[in-house]
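The values are calculated or read from the model by the stated rules, or taken from the named source; none is laboratory data. The shown structure was predicted, so the numbers you read here are calculated from the model rather than taken from an experiment. With ideal geometry, Cβ positions are generated from the backbone for all residues, glycine too; neighbour counts draw on all protein chains shown. In case anyone asks, the SASA skips ligands and DNA or RNA and just uses the protein heavy atoms, side chains included. Shrake-Rupley method; radii C 1.70, N 1.55, O 1.52, S 1.80 Å.
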Amino acid sequence: MGSRTLGSRPAGQAPAEHTPAEHTPAEHTPAGHAPAVTADGRTLAMADGSRVVLWDMSDPRLPRRLGALDADGVGLNAIEFTGDGATLAGTGVDRVLRLWDVTDPRNPVLLSQRPTGHSGPLYSIAVRREGRMAATSSYDDTIRLWDITDPARPRLVDTLTGHEGNVKRVAFSPDGRTLASGSDDRTVRIWEVTDPRHTVPVTVLEGHRHFVDALAFSPDGRTLLSGSDDRTEAVGHQRPSPAPAPG
């Protein structure tokens with residue numbers, strides 16, 4: 001696998017939906033296609049089809065099954081915990097945003113089911129660390145921002161446009177001020193989301209020769225790693241943010 005540094009230019013310048021195979025995860029071993037881990041690393045959620053099983057990972061060598069939930073038979077393609085681990089967000093092939101209360105992981109409770117309004121299949125979901133905002137990406141070439149301060153009543157805040165291909169991975173920076181998005185248009189876009197009602201496109205990172213479908217920020221938020229179907233990884237650098245996102 002090769003690596004390179006992404007270049008940038010100023011911003012402003014779907015395959016068919018797939019339902020993961022349905023089968024029951026092993027009772028004593030985490031199994032599935034879409035994982036999510038709480039910030040403290042103690043709880044793992046593993047989605048397999050419409051079913052999500054929660055695991056106690058206090059001792060990774062001896063995972064302990066806690067509870068399970070089901071999305072009414074709808075295949076889930078992405079799940080993510082809020083920073084405090086109290087809420088699990090998920091998106092499915094029905095293009096619906098679901099939020100569960102997992103404060104008691106042995107008895108998860110569905111809080112809401114909100115149609116996203118995306119016109120194409122959903123690919124991923126990201127949740128800001130403080131747990132008040134989520135972003136969904138879609139093969140309709142857009143990103144939607146959601147206010148999930150009240151997870152029982154998620155509210156659409158903004159729709160981000162600019163990509164010229166399926167939007168795949170989305171990721172918030174650790175301080176929550178920045179959102180990165182990767183796309184089949186071979187670019188990574190950086191957005192300022194301090195005020196999600198007035199999102200500002202910051203820059204476009206270029207350099208990959210194929211679809212961009214993996215993104216991760218470094219713990220200090222100053223470095224972004226992207227992965228592509230061109231079998232390369234690329235590193236982009238950004239200036240440190242002066243202050244955390246408002247509460």
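Quick one: dipole size for the stretch 60-176, taken about the Cα centre, charges +1 on Lys/Arg Cβ and -1 on Asp/Glu Cβ, in debye to the nearest 20.
So the magnitude is around 360 debye.
Report the convex hull volume per residue for the stretch 39-178, counting only C-alpha atoms, in Å³.
Spread over its residues, the Cα hull of the stretch 39-178 gives 105 Å³ apiece.
Ignoring ligands, DNA and RNA, what accessible area per residue does the stretch 154-215 give at 1.4 Å, in Å²?
39 Å²
Distance between the C-alpha centers of the stretch 31-73 and the stretch 130-170? Whole Å please.
23 Å
As a test of the definition: which semi-axes, in Å, follow for the stretch 40-86 when you take the square root of five times each eigenvalue of its alpha carbon gyration tensor? Largest first, please.
Taking √(5λ) for each eigenvalue gives 20, 13, 8 Å, largest first.
Of the accessible area of the stretch 50-200, with the probe set at 1.4 angstrom, what percent is carbon plus sulfur?
44 percent
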